[in-house]
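Novice: Can you read through this structure? Questions will come right after.
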Amino acid sequence: MPKASELKKGEVVDIHGAPYIVKQLEAKSPSSRGASTLYKIRFSNLLTGQKRDESLKGDDMLSPADCQKIAVQFSYMDGSHYVFMNTEDYSQYTLASENLEGQLEYIHEGLEGITALLVEGSIAAIELPQSVVLAIVETSPAIKGASASARTKPATLSTGLVVQVPEYIEQGESIKVNTTNGKYMARAG
């Protein structure tokens, strides 16, 4: 049973018999001595999509939800639905784009390392890999001798995501992007 202080974004817990996924997490430390840290957490019901805000103390216990995790790969789009394929038995699952809020910018065809959360046999949410490799489709030209400076410039990636990259990165290169905070990590091979 996870404590509120151990929760991570994307984790699924059981609240009053329903599975909820952690969407946002914020720790607030009160200024008075002896007061415990409060965790303001936004949950989303995996079955209904209803949002729920909770303020919990760090040692409050939550029970894990009854859901199955499987490895999937993004296959293709079918209208406004994303189709994912189970990498073991090749069965397919669809998920509406509304359920992928904040994750769409990282999903591209053939993306592997995705974990799907199944509730009652149907896909309810996905967990992205820690980082994804995306190609830069538009950025300003590289500046000679800029490798020593820490200045950045905006770059538009193949999925439409815009990230700040070092000035020496050029259009057409592939970069690694952190899916948790949307920041540039490194050049990709």
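Novice: Compute, for the range 19-67, the length of the dipole vector about the Cα centre, with Cβ point charges of +1 (Lys, Arg) and -1 (Asp, Glu) only. Units Debye, rounded to 20. If you can, show how the numbers build up before the last one.
Specialist: Working: 8 positive and 6 negative charges, 48 e Å.
Taking the Cα centre of the range 19-67 as origin, the dipole is about 240 debye.
Novice: Give me the Debye-computed log₁₀ of I(q)/I(0) at q = 0.08, 0.12 Å⁻¹ for the chain, equal point scatterers on Cα only, no solvent, two decimals.
Specialist: The Debye formula, applied to the Cα set alone, gives -0.34, -0.71.
Novice: Assigning unit charges at the beta carbon (Lys, Arg +1; Asp, Glu -1) and nothing else, what dipole magnitude in debye, to the nearest 20, does the range 131-187 show about its Cα centre?
Specialist: On the way: 6 positive and 4 negative charges, 35 e Å.
Dipole magnitude for the range 131-187 comes out near 160 debye.
Novice: Roughly how many nanometres apart are two label points built 7 Å out from the Cα toward the Cβ at Thr48 and Asn181?
Specialist: Placing both labels 7 Å along Cα→Cβ, they lie 3.5 nm apart.
Novice: While we're on this one: Roughly how many debye, to the nearest 20, is the charge dipole of the chain about its Cα centre, given +1 on each Lys and Arg Cβ, -1 on each Asp and Glu Cβ, and no other charges? Present the calculation step by step, with values, prior to reporting the outcome.
Specialist: Details: 18 positive and 23 negative charges, 206 e Å.
Rounded to the nearest 20 debye, it is 1000 debye.
Novice: So what is Rg over Rh here for the range 1-101, counting just Cα atoms and using Kirkwood for Rh? Display every interim value, and only then the final one.
Specialist: Numbers: Rg = 16.7 Å, Rh = 15.4 Å.
Rg/Rh: 1.08.
Novice: Going highest first, how would you order 46-54, 163-171 by mean Cβ packing within 10 Å?
Specialist: The most tightly packed comes first, giving 163-171, 46-54.
Novice: What is the extension gain from Lys57 to Lys3, computed as 0.36 nm multiplied by their sequence separation minus the C-alpha to C-alpha distance, in nm to one decimal? Don't skip to the answer; put the middle values down first.
Specialist: Numbers: separation 54, 0.36 × 54 = 19.44 nm, distance 0.88 nm.
Contour length minus the Cα-Cα distance gives 18.6 nm.
Novice: Follow-up. Cα atoms only, the range 76-121: Rg and Dmax in Å?
Specialist: 10.5, 28
Throughout, read-outs are computed from the coordinates displayed, never taken from laboratory work. Keep in mind that this is a model prediction, so the values were computed, not measured. Neighbour counts are summed over all protein chains in view; Cβ atoms, including those assigned to glycine, are modelled from backbone coordinates with ideal geometry.
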